[in-house]
């Protein structure tokens, strides 16, 4: 959301004040990564990938393995790190 907000991307209606998960993923991959090329192409599908891993972890009977959790955490850190670097936010 911080990346979208910094680029002036807001909910379409002022009364709504929220963006759906689908809208956030679409704006991230389509506008920020693909069209504006503000982030590396490798990050284009990462937000959606992470969202699907979360849904699997929350709503399926299969437990998440430690390896899968570590992989998702690594990818999430890469995504957050790229946004923080672009927005010049230090992690502290």
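The values are calculated or read from the model by the stated rules, or taken from the named source; none is laboratory data. Just so it is clear, the model here is predicted, and its values are computed rather than measured. Backbone-built Cβ (ideal geometry, glycine too); neighbour counts: all protein chains shown.
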So which of 43, 74 ends up being modelled with pLDDT of 95 or more and surrounded by 14 or more Cβ atoms within 10 Å (Cβ to Cβ)? 43
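Test residue 63 against the stated conditions and say whether it is surrounded by fewer than 10 Cβ atoms within 10 Å (Cβ to Cβ) and at negative phi.
Values: surrounded by fewer than 10 Cβ atoms within 10 Å (Cβ to Cβ): yes; at negative phi: yes.
Spelling it out, residue 63 is indeed surrounded by fewer than 10 Cβ atoms within 10 Å (Cβ to Cβ) and at negative phi.
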Can you tell me which residue in region 81-92 is modelled with the lowest pLDDT, limited to those that are in contact with a helix residue (DSSP H, G or I) (Cβ under 9 Å, 6 or more places away or on another chain) and surrounded by 11 or more Cβ atoms within 10 Å (Cβ to Cβ)? 89
Taking region 9-39 as the search range and keeping residues that are exposed (fewer than 11 other Cβ atoms within 10 Å of the Cβ) and at pLDDT below 90, which one is nearest to the chain's Cα centre (by Cα)? 20
